[in-house]
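Enquirer: Handing you this structure, nothing more for now.
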Amino acid sequence: MTAAIEVQGLVKHFGDVRAVNGVDLEVPAGTVLGLLGPNGAGKTTMIRMLATLVPPDAGRAWVAGHEISERPDLVRESMGLTGQYSMVDIDISGRENLYLFARLLDLPRRAAWARVDELLERLELTRVAGRLVSTYSGGLRRRLDLAASLLGRPKVLYLDEPTTGLDPHSRNGLWDIARELVAQGTTVLLTTQYMTEAEELADHVAVMDDGAVVANGPIAELCAKVGGTVLRVRPAPSVPPNAVASAFTDAGLGMVRTDEKTGLVSLTISHDDQLTRAVRTLGETGLPLVSVDTHTPGLDEVFLALTGRTPNTETRRKAGEESDGTFADRPAHHDPGQVDD
Ligand SMILES: Nc1ncnc2c1ncn2[C@@H]1O[C@H](COP(=O)(O)OP(=O)(O)OP(=O)(O)O)[C@@H](O)[C@H]1O
Ligand SMILES: [Mg+2]
């Protein structure tokens, strides 16, 4: 088998919540699959099943050739996980954390310290290794998480929103390390809210919504499939972008998105006549505009077209926090097995 991860009909329900509802996936060895989807789509639940942290209700999956329910021990030996919620103990140093994880992997003392120091060096953590983790910045914490997941030299690495909340410099650093690992043959399953991250790292993407994979393929292929054009309108500063957006919606032009930060209103056009109608609608409103242009869809628009929601950009979400309104609300949960960072 050349797939490093193979998933067939995986299902996980939590009461009435169908977190994962029959997912098939295949990740060829040495590649990166970007698993995308709005909050609550089931991405973390997928990863938790593939990491043998929660048992599936139905379906089968193989990680590095081992079935997750039959040989969870061998699956655990083959994989590493950098979770959405940090696993490290903040009351001891980074170096001590890694040592404890190494010992849990049954590495003998000397080998454990050697591996720890090698990874501290590699992730540029040596300078801060002796400090309590409670004094680390978010970027340092993420790097420590990643170091911990690499201790066992995993063939398969799960990165669940590895760079959420990181500054661009730390994000780039983490991407470099991920690329290096992939170049050495590691297979990566990455979930992310950042479309650029998927574009940077992933060979293929799978888009999940409501527990199901709604699209799967190379990024260029998905963009071509969504096809069409995106019309972008920048209204004059005196005009609330929502006025333009509602004019489009009222005219029955469906896929409208307003970027609150930039004030741009985007409309996905799938037929030529929609473009004509959109331009006519703009004329009829008489609203003053700064610019109008069209561009070819990127992963952002693919995500919107498939899920009806805009991908999250910079918001850091925590369990129990109010929705920022850009995503449809899903039942909030707080998994007792997950520790907030
Ligand atoms: N332990 C649990 N108990 C109850 N419900 C859960 C549990 N874990 C997940 N869920 C629910 O399952 C659904 C999928 O959650 P999951 O964490 O997999 O989504 P996600 O795609 O990772 O979302 P996010 O982008 O917010 O991380 C959600 O509705 C969530 O509330
Ligand atoms: Mg998640």
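Enquirer: Give or take rounding to whole Å, what are the principal axis extents of the alpha carbon atoms in the chain, in descending order?
Expert: Rounded to whole Å, the extents work out to 75, 43, 38 Å.
Enquirer: For the chain, how many pairs of lysine residues have a Cα-Cα distance under 29 Å, where the two are 8 or more positions apart or belong to different chains?
Expert: The number of close lysine pairs in the chain is 9.
Enquirer: To the nearest 20 debye, what charge dipole does segment 228-295 have about its Cα centre, counting +1 at the Cβ of each Lys and Arg and -1 at the Cβ of each Asp and Glu?
Expert: 120
Enquirer: Once you keep just the Cα pairs under 8 angstrom separated by 6 or more residues, what percentage relative contact order results for segment 3-218?
Expert: 31
Enquirer: Oh, and also: Based on DSSP, what percent of beta bridges with both residues in the chain are antiparallel, to the nearest 5?
Expert: Antiparallel: roughly 70 percent of the beta bridges in the chain.
Enquirer: Also, I was wondering about something else. Where the centroid of each part is defined by its Cα atoms, how far is segment 154-206 from segment 115-151 in Å?
Expert: Taking the Cα centre of each part, segment 154-206 and segment 115-151 sit 17 Å apart.
Enquirer: Using θ = phi - 60° and the Karplus curve 6.51 cos²θ - 1.76 cosθ + 1.60, what whole-Hz ³J(HN,Hα) does each residue of segment 246-261 get, with Gly and Pro shown as x?
Expert: Using θ = phi - 60°, the values come out as 5, 4, 5, 4, 4, 7, x, 8, x, 7, 10, 9, 10, 8, 4, 6 Hz.
Enquirer: Here is a further query. So for PHE101, PHE248, fewest C-beta neighbours within 10 Å to most, what's the order?
Expert: The most exposed by this proxy come first: PHE101, PHE248.
Enquirer: Please turn the phi angles of segment 71-82 into ³J(HN,Hα) values with the Karplus equation 6.51 cos²θ - 1.76 cosθ + 1.60 (θ = phi - 60°), one per residue in order, whole Hz, x for glycine and proline.
Expert: For segment 71-82, the Karplus curve yields 10, x, 4, 6, 4, 4, 5, 8, 10, x, 9, 10 Hz.
Enquirer: Where in segment 224-269 are there trypsin sites (Lys or Arg not before Pro) that are in a DSSP coil and have at most 12 other Cβ atoms within 10 angstrom of their Cβ?
Expert: Passing sites in segment 224-269 are LYS261.
Quick note: the coordinates plus some simple rules give every number you see, no bench work behind them. Just so it is clear, the model here is predicted, and its values are computed rather than measured. Note that we place each Cβ from the backbone using ideal geometry, even for glycine, and neighbour counts take in every protein chain shown.
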